[in-house]
Amino acid sequence: MALTVTAQLLLLLVWGTTVWAARPGAELLNVCMDAKHHKEKPSPEDKLHEQCSPWKKNACCSVNTSQEAHKDVSYLYRFNWDHCGKMEPACKRHFIQDTCLYECSPNLGPWIQQVNQSWRKERILNVPLCREDCESWWEDCRTSFTCKTNWHKGWNWTSGVVNII
């Protein structure tokens, strides 16, 4: 009888583990977006560059992507941080950190949304920002300017690098 109970408990444990692993939301962490520069699966990247280094133990970005994220105009998106005058270095640091989060974090699953764009199939939206980070970003960027009210559309890409329309 004890063997039967043990076998039943073992089967229950296996079944419970399978159900737990298949629960909704289990796939939300340790995933990479289906986007332009993301790896298919997160993995270690020991030499991630500067602000991207917090993700070196498990990253969705490559070393090259992390290096490009720190350039004023990189191959990643051909976006110029100084599109409306010189952006202060302290301000630019926040945008680089945001780029590193987007490119490298394997823990953005809860905020990934499907999109139908030529260069990506997924994006993140409504990722929470801590109050302290928000206040620091504001303080560091209050003297920097942008010439756009909406960074998601309306850019002139005809030169291959973003320009103001």
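Cα centroid separation, the range 50-71 to the range 118-137: 17 Å.
Taking 18 Å as the cut-off, the amide N atoms of the range 88-114 that come nearer than this to a point 7 Å along the Cα-to-beta-carbon line of Lys36 belong to 95-105, 113-114.
Mind running the shape call on the range 33-122? Use the C-alpha gyration tensor, a ≥ b ≥ c as the square roots of the eigenvalues: rounded below 1.5 for a/c, prolate if a/b tops b/c, oblate otherwise.
Oblate is the answer for the range 33-122, as a/c is 1.5 or above yet b/c matches or exceeds a/b.
Among Thr65, Thr146, the order of accessible area from largest down is Thr146, Thr65, computed with a 1.4 Å probe on protein heavy atoms. Magnitude of the charge dipole for the range 90-154, about its Cα centre and with charges confined to Cβ atoms of Lys, Arg (+1) and Asp, Glu (-1), is about 360 debye.
Of the listed residues Leu76, Leu29, the order by accessible area with a 1.4 Å probe, largest first, is Leu29, Leu76. When nucleic acids and ligands are ignored and a 1.4 Å probe is applied, Trp137 ends up with an accessible area of around 60 Å².
Heavy-atom accessible surface of the range 50-121, averaged per residue, reaches 51 Å², computed with a 1.4 Å probe. Relative contact order of the range 77-128, taken over Cα pairs closer than 8 Å and 6 or more residues apart, is 22 percent. Taking every C-alpha pair closer than 8 Å and separated by at least 6 residues, the mean separation divided by the residue count of the range 23-157 gives a relative contact order of 27 percent. Placing +1 on the Cβ of every Lys and Arg and -1 on the Cβ of every Asp and Glu, with no other charges, gives the range 45-136 a dipole of roughly 240 debye about its Cα centre.
Other residues whose C-beta falls under 11 angstrom from the C-beta of Ser62 contribute a net charge of -1, scoring Lys and Arg +1 and Asp and Glu -1.
Given Lys47/Lys86; Lys57/Lys121; Lys47/Lys71; Lys39/Lys92; Lys39/Lys71, which pairs have Cα atoms separated by over 22 Å? With Cα atoms farther than 22 Å apart: Lys47/Lys86; Lys57/Lys121; Lys39/Lys92.
The values are calculated or read from the model by the stated rules, or taken from the named source; none is laboratory data. This is a predicted model, so every value here is computed, not measured. All Cβ positions, glycine included, derive from the backbone under ideal geometry; neighbour counts span all protein chains shown. With ligands, DNA and RNA removed, areas are computed over all heavy atoms of the protein, side chains included. Shrake-Rupley method; radii C 1.70, N 1.55, O 1.52, S 1.80 Å.
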